[in-house]
Each structure stands twice: as structure tokens, then as C-alpha cells.
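Report on the following structure.
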Amino acid sequence: MTEQAATRVALYTFAQHTNRRVAEFNWQPGQPVSLTILDPEWGAVAQDFYDNGVPVGAERVPPEAGAEFMRALLQRFRMSYYKFVDESG
């Protein structure tokens, strides 16, 4: 892919009628993707994606894939209470 990848992707939850930031993925070329969990309960989805990869079709893209992983986070997911948001600078 030649499309530029995000360098910061945040996970928000919309449960309980709030808009809360629960986790953040950061990546820079040449560096590994890092994950910061801000809310352990609601950030479990982010931890699962970090530990097991992001589902893309029948495959999973691991965080070691860097740019591809960050792009995969921004695909449309069928999740009612969560949304990944590109917060790159």
C-alpha cells in the first residue's frame, strides 16, 4: 500500500451515553506500534487487537506490520459501542 498510515489512532467508547477515549495506538516508521490503555475495562478491545492482530477478512494484521496495522485499525468495524479515530498530527 502506498497510502500514508496514521501515526496515532485512539479508541473511543460511546457506551453509557458518553464519548470516552479508552486507548491509544502510536507508531512511527522504524519503530514498533505501542499501545496505551486508558481504561482497562473498555480498552480490552484495543488490547485484543494488539495481542492478536486486527481482523481483515480471513486474516489478522499484527502490530509488527506497523503501517498496515495502523491502516487496519481504521477500517469500518461493526461495533456498536466503539470507534477508532485517526488523531495523527
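The values are calculated or read from the model by the stated rules, or taken from the named source; none is laboratory data. For clarity, every value in this text was computed on a predicted model and none was experimentally measured. Cβ: placed from backbone, ideal geometry, glycine included. Neighbour counts: every protein chain shown.
The figures follow:
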quantity: In the stretch 1-20, residue farthest from Met70 (Cα to Cα) [restricted to those that are assigned to a strand (DSSP E or B) and under 12 Å from the mean Cα position of the chain (by Cα)]; calculated: Tyr12
quantity: Any hit, the stretch 45-62, residues being among the small types (Gly, Ala, Ser) and modelled with pLDDT under 95; calculated: yes
quantity: All positions within the stretch 65-82 that are modelled with pLDDT of 95 or more and not in a loop (DSSP other than H, G, I, E, B); calculated: Ala65, Ala67, Glu68, Phe69, Met70, Arg71, Ala72, Leu73
quantity: The stretch 1-24, residues that are surrounded by 14 or more Cβ atoms within 10 Å (Cβ to Cβ) and among the hydroxyl-bearing types (Ser, Thr, Tyr); calculated: Thr7, Tyr12, Thr13
quantity: Residue match in the stretch 14-23 (condition: of a type in the set (Lys, Arg) and touching a residue at least 12 places away in the same chain (Cβ under 8 Å)); calculated: yes
quantity: Selection from the stretch 25-47 of residues that are touching a residue at least 40 places away in the same chain (Cβ under 8 Å) and in contact with a Gly (Cβ under 8 Å, 6 or more places away or on another chain); calculated: Trp27
quantity: Single unsatisfied condition, Gly89 versus (1) surrounded by 12 or more Cβ atoms within 10 Å (Cβ to Cβ); (2) more than 21 Å from His17 (Cα to Cα); (3) in contact with a strand residue (DSSP E or B) (Cβ under 8 Å, 6 or more places away or on another chain); (4) of a type outside the set (Phe, Trp, Tyr); calculated: (1)
quantity: Residue within the stretch 70-85 that is of a type in the set (D, E, K, R) and surrounded by 17 or more Cβ atoms within 10 Å (Cβ to Cβ) present; calculated: yes
